[in-house]
Amino acid sequence: MTEIRLFEHSSLMFKKLMDGLTFPKNTDTVVFDVSFSDFIVPEYLCNYFGYRKIFTISDGNYSDNDSILSVPFLGDFVKTIMGHKVDLFVSIGSSTKISPVFDAVHAINRALVAGGKFIITLYPDIFDEQGRDILNGLSLISEIPVKEKFLRWGTTLKNALRNIFMKVDEEEVLTKMEVSHIIDLFNMDRYRKFLFQDEDEMERFFKPISHLNIDYNVSWKIVKGFKC
């Protein structure tokens with residue numbers, strides 16, 4: 001079992017997040033998934049919504065499910081999705097892979113048919129039971145600007161989407177996650193390489209909470225829209 005599948009088995013992060021999202025009900029919806037989840041997200045989409053054609057970026061592996069079509073990652077996001085026409089574009093928990101931002105957004109627009117929709121999770125905000133912003137607090141303590149990087153990234157991607165698509169809405173999906181699972185999530189390539197210079201820096205960032213055995217509230221920032 002891969003690292004990300006072990007993580008999902010333990011945390012159910014993707015399942016909890018997707019339970020809070022609304023997807024088209026038409027089983028003929030053609031989907032392009034760029035969640036880089038080792039087929040976890042497309043399997044949920046297939047099992048819960050019955051979609052019969054789901055393209056998903058992979059590292060060369062293939063799914064046993066005939067409805068899930070592997071698209072090898074070419075090292076370039078734009079080239080990888082080029083040439084596909086889909087009804088729904090999905091990125092769950094991995095928006096930092098959508099780059100370079102403005103070229104990627106243009107590519108998403110070209111991939112969507114008229115009326116096609118996109119659902120993209122930007123980043124997770126983390127709060128304790130008193131509503132205190134944990135990422136902001138850890139950023140101040142460690143002097144590692146994690147919260148600032150997330151805010152800047154979210155603004156850049158939203159602005160790029162709004163420059164192309166007529167209507168872009170924002171929403172939040174609230175879940176809970178153990179501290180150990182939060183650290184595991186940020187230790188994955190999708191976040192670690194984006195936020196930290198190395199693993200030592202990541203460990204320093206999380207040191208004030210790494211010993212805690214509690215759940216935090218996670219607020220996932222979501223952007224959704226459609227192509228006219």
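The values are calculated or read from the model by the stated rules, or taken from the named source; none is laboratory data. All of these numbers come straight from a predicted model, not from anything done at the bench. For neighbour counting, all protein chains shown are included, and Cβ atoms are generated from backbone atoms with ideal geometry for every residue, glycine included. Calculation scope for accessible area: heavy atoms of the full protein, side chains included, ligands and nucleic acids excluded. Shrake-Rupley method; radii C 1.70, N 1.55, O 1.52, S 1.80 Å.
Count, please, the residues in the stretch 133-147 that happen to be open to solvent by 100 Å² or more (accessible area, probe 1.4 Å) and assigned to a loop (DSSP other than H, G, I, E, B).
Restricting attention to the stretch 133-147, the residues satisfying the condition of being open to solvent by 100 Å² or more (accessible area, probe 1.4 Å) are 140-141, 143.
Checking the rest, the ones that are also assigned to a loop (DSSP other than H, G, I, E, B) come to 143.
Counting residues in the stretch 133-147 that are open to solvent by 100 Å² or more (accessible area, probe 1.4 Å) and assigned to a loop (DSSP other than H, G, I, E, B) gives 1.
Matching residues to (1) under 28 Å from Ile4 (Cα atoms); (2) in contact with a Lys or Arg (Cβ under 8 Å, 6 or more places away or on another chain); (3) modelled with pLDDT under 95:
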| site | (1), (2), (3) |
| --- | --- |
| Ser91 | yes, yes, no |
| Asn109 | no, yes, no |
| Val113 | no, yes, no |
| Ile120 | yes, yes, no |
| Asp125 | yes, yes, no |
| Glu129 | yes, no, no |
| Leu140 | no, no, no |
| Ile144 | yes, yes, no |
| Lys149 | yes, no, no |
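The set of residues in the stretch 41-97 being among the basic types (Lys, Arg), free of Cβ contacts under 8 Å to residues at least 40 places away in the same chain and either touching an Asp or Glu at 6+ places or on another chain (Cβ under 8 Å) or surrounded by 14 or more Cβ atoms within 10 Å (Cβ to Cβ) (or both) consists of Arg52, Lys53.
Here is a yes/no grid of residues against (1) out of contact with any helix residue (DSSP H, G or I) (no Cβ under 7 Å at 6 or more places or on another chain); (2) modelled with pLDDT of 95 or more:
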position: Cys46; (1), (2): yes, yes
position: Gly50; (1), (2): yes, yes
position: Gly60; (1), (2): yes, no
position: Ala104; (1), (2): no, yes
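Yes or no: the stretch 148-164 includes at least one residue that is farther than 27 Å from Leu88 by Cα, part of a helix (DSSP H, G or I) and either without any contact (Cβ under 8 Å) to a residue 60 or more places away in the chain or open to solvent by 20 Å² or more (accessible area, probe 1.4 Å) (or both). Looking through the stretch 148-164, at least one residue is farther than 27 Å from Leu88 by Cα, part of a helix (DSSP H, G or I) and either without any contact (Cβ under 8 Å) to a residue 60 or more places away in the chain or open to solvent by 20 Å² or more (accessible area, probe 1.4 Å) (or both). For the stretch 1-26, the set of residues classified as touching a residue at least 12 places away in the same chain (Cβ under 8 Å), within 17 Å of Lys176 (Cβ to Cβ) and acidic (Asp, Glu) consists of Glu8 only.
Filter the stretch 103-124 down to the residues that are within 20 Å of the chain's Cα centre (by Cα) and open to solvent by 10 Å² or more (accessible area, probe 1.4 Å), then identify the one that is nearest to Phe36 (Cα to Cα).
Initially, the stretch 103-124 is screened for residues within 20 Å of the chain's Cα centre (by Cα), giving 103-109, 111-112, 116-124.
Checking the rest, the ones that are also open to solvent by 10 Å² or more (accessible area, probe 1.4 Å) come to 103, 106, 109, 117, 123.
Values: Asp103: 19, His106: 20, Asn109: 20, Lys117: 19, Tyr123: 15 Å.
Going through the qualifying residues, I end up with Tyr123.
When Gln130 is tested against (1) without any contact (Cβ under 8 Å) to a residue 24 or more places away in the chain; (2) open to solvent by 50 Å² or more (accessible area, probe 1.4 Å); (3) not in a loop (DSSP other than H, G, I, E, B), only condition (3) is not met. Filtering the stretch 173-186 for residues that are among the hydroxyl-bearing types (Ser, Thr, Tyr), open to solvent by 20 Å² or more (accessible area, probe 1.4 Å), closer than 18 Å to Asn217 by Cα and not in a strand (DSSP E or B) leaves a non-empty set.
Restricted to the stretch 203-221, and to residues there that are open to solvent by 10 Å² or more (accessible area, probe 1.4 Å) and touching a Phe, Trp or Tyr at 6+ places or on another chain (Cβ under 7 Å), the residue that is nearest to Ile141 (Cα to Cα) is Tyr216.
This table checks each residue for (1) more than 15 Å from the chain's Cα centre (by Cα); (2) under 17 Å from Val86 (Cβ atoms).
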{"site": "Thr2", "(1), (2)": "yes, no"}
{"site": "Leu6", "(1), (2)": "yes, no"}
{"site": "His9", "(1), (2)": "yes, no"}
{"site": "Phe14", "(1), (2)": "no, no"}
{"site": "Leu17", "(1), (2)": "no, no"}
{"site": "Lys25", "(1), (2)": "yes, yes"}
{"site": "Val30", "(1), (2)": "yes, yes"}
{"site": "Asp38", "(1), (2)": "no, no"}
